[in-house]
Amino acid sequence: MTARPNFVWGASTSAFQIEGAAHLDGRADSIWDVYLRAPGRVSHGDTAEVACDHYHRYAEDVALMRELGLDAYRFSIAWPRVLPHGRGAVNETGLAFYDRLIDALLAAEIEPWLCLYHWDLPQALESLGGWQNRDIAGWFADYTALVARRYGDRVKRFATFNEPCVFTLFGYGLGWHAPGVADEAALHKAIHHVNLSHGRAVDVLRKDVIGASIGAIHNRQPCYPCTAHPADAAAALRLAAYWNDAFPFPQAFASYPPEIEEAIAPYIAPGDLADIARPVDWFGLNHYSPHYVKADTNLIGASFGPAPDSVPRSAIGWPVVPDAFRETLMDIHRRFRLPIYVLENGTAADDAIDAAGHIQDEDRIRYLRAYTAAMEQAIVAGADVRGYFVWSLLDNFEWGAGYSQRFGIVYVDHGTLRRIPKASAQWYAEKIAAKRTNDPARPHNGRKIEG
Ligand code: FCB
């Protein structure tokens with residue numbers, strides 16, 4: 001790739017998946033804490049009580065990021081850590097944790113990218129209906145104001161939501177994620193209220209943070225029909241409406257995709273669409289694989305089918321199709337005309353420590369090499385991609401899969417909590433360092449990773 005001045009190389013994590021300290025220092029339950037308590041919802045009965053213990057080991061983690069030569073680090077705030085009841089009384093001890101994290105990042109010359117919501121709604125708000133309750137737009141705006149005023153002197157990059165399609169569809173439509181609701185009306189209300197909350201948060205951030213750079217983080221991936229059957233083709237269009245368009249369309253164009261417009265209409269009040277479509281500064285993309293879709297009798301009439309046998313897959317069966325990533329970047333570029341930041345991309349692999357104490361994760365390196373090459377092709381073809389964040393910095397708590405799936409470029413021994421950079425961490429550090437030598441806007445500062 002011809003070097004892009006100021007291209008941002010980073011890594012992403014989320015609060016629930018790494019922090020631990022789930023019930024320390026005033027943090028209250030999130031919907032995920034509660035959801036996971038019911039039997040059978042997580043592999044091996046894992047819990048996120050300790051996770052990577054990042055709450056206590058953040059300084060070591062920031063030092064690792066610095067060794068990698070990262071420009072930026074994307075994390076999320078745990079809403080129930082700073083506002084245990086979701087609204088009202090503030091938890092100063094919780095707020096102070098993010099002060100320490102942000103200050104450590106800045107001292108290491110790593111730009112903090114703050115995501116307001118990565119799925120861990122305070123349970124206290126779920127008890128009031130959660131995303132199904134229209135009042136949540138006000139609760140979310142108040143939470144955003146708290147975060148903006150506290151950290152906006154040091155943080156300028158803000159994302160409103162991470163993957164709203166996943167937590168609404170899986171959490172309120174299909175019942176596979178917290179809070180475990182499976183109901184058509186719940187799903188459609190949640191979609192609209194998340195969109196409203198996004199618009200309100202953008203307004204708050206613009207007002208309260210001087211120089212804020214704001215976006216939302218969306219999944220987008222091609223939805224291919226599993227077979228040539230017309231029913232599968234129709235199902236693929238329906239899934240694409242929920243998965244790819246239900247949030248970016250109203251946020252960018254003030255309208256819902258035609259496939260779901262009628263279902264959402266009962267919840268739209270006059271003025272809502274204008275309130276949702278507030279101008280943002282960039283499009284955040286999370287992308288791993290394309291979907292292969294088949295018709296189903298579930299409430300969206302579509303489900304995830306198998307990829308054709310010819311498609312390579314990762315250790316956890318996710319299709320590996322770098323061309324679909326390039327196609328997605330070009331599609332976003334054409335439709336939304338915004339700078340794009342890839343805020344999640346990566347793969348789970350069967351990582352094991354070898355006799356020398358190393359993790360030779362060749363599969364992950366192959367994946368990252370192919371996907372970053374696809375991104376570079378999209379840039380050459382004109383897509384305005386300005387940054388790439390690998391998912392994830394650390395092996396972490398992968399929702400319903402618990403600790404059974406490892407996505408990190410740094411291995412975490414979940415018994416001792418020791419961190420060991422994998423071969424992919426070294427590969428990533430070298431890639432960043434090499435790009436930087438070609439980047440007229442930055443000095444070369446790549447470092448050798450120890451461990
Ligand atoms: C994304 C989520 C992230 C992680 C990765 C593997 O859907 O945003 O938290 O689970 O997938």
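So that you can scan it fast, the table gives a plain yes or no per residue for (1) touching a Leu at 6+ places or on another chain (Cβ under 7 Å); (2) away from the ligand (no atom under 16 Å from the Cβ); (3) at pLDDT below 95; (4) in a loop (DSSP other than H, G, I, E, B):
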residue	(1), (2), (3), (4)
N6	no, yes, yes, yes
W9	yes, yes, no, no
A51	no, no, no, yes
L101	no, yes, no, no
L114	no, no, no, no
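Residues in region 329-343 that are within 16 Å of the ligand (Cβ to nearest atom) and open to solvent by less than 10 Å² (accessible area, probe 1.4 Å): V342, L343. Only one entry in I353, I379, I432 is in contact (Cβ under 8 Å) with a residue 24 or more places away in the chain, away from the ligand (no atom under 16 Å from the Cβ), open to solvent by 10 Å² or more (accessible area, probe 1.4 Å) and part of a helix (DSSP H, G or I), namely I379. Under 21 Å from the mean Cα position of the chain (by Cα), open to solvent by 20 Å² or more (accessible area, probe 1.4 Å) and closer than 24 Å to I420 by Cα: does that describe R364? The answer is no for R364. Quick check on D153: is it without any contact (Cβ under 8 Å) to a residue 12 or more places away in the chain, over 16 Å from W79 (Cβ atoms), more than 16 Å from the ligand (Cβ to nearest atom) and of a type in the set (D, E, K, R)? Yes: the conditions hold for D153. For region 401-420, filtering for residues that are touching a helix residue (DSSP H, G or I) at 6+ places or on another chain (Cβ under 7 Å) and either at pLDDT below 95 or outside any loop (DSSP other than H, G, I, E, B) (or both) leaves 3.
Scanning region 382-393 for residues that are within 19 Å of R364 (Cα to Cα) and either of a type in the set (F, W, Y) or surrounded by fewer than 23 Cβ atoms within 10 Å (Cβ to Cβ) (or both) yields a total of 3.
Only strands (runs of 3 or more DSSP E) whose full extent lies in region 144-225 are considered here, and the ones with at least 1 residues that are more than 21 Å from the chain's Cα centre (by Cα) are 223-225.
The residue list A178, A182 contains one member that is in contact (Cβ under 8 Å) with a residue 24 or more places away in the chain, open to solvent by 10 Å² or more (accessible area, probe 1.4 Å) and either of a type in the set (A, V, I, L, M, F, W, C) or within 16 Å of the ligand (Cβ to nearest atom) (or both), which is A182.
The values are calculated or read from the model by the stated rules, or taken from the named source; none is laboratory data. Note that the coordinates shown come from a computational prediction; the quantities given were computed from them, not determined experimentally. Positions of Cβ are generated from backbone atoms using ideal geometry, with glycine treated the same way; all protein chains shown enter the neighbour counts. Heads up: the accessible areas ignore ligands, DNA and RNA and are worked out on the full protein's heavy atoms, side chains in. Shrake-Rupley method; radii C 1.70, N 1.55, O 1.52, S 1.80 Å.
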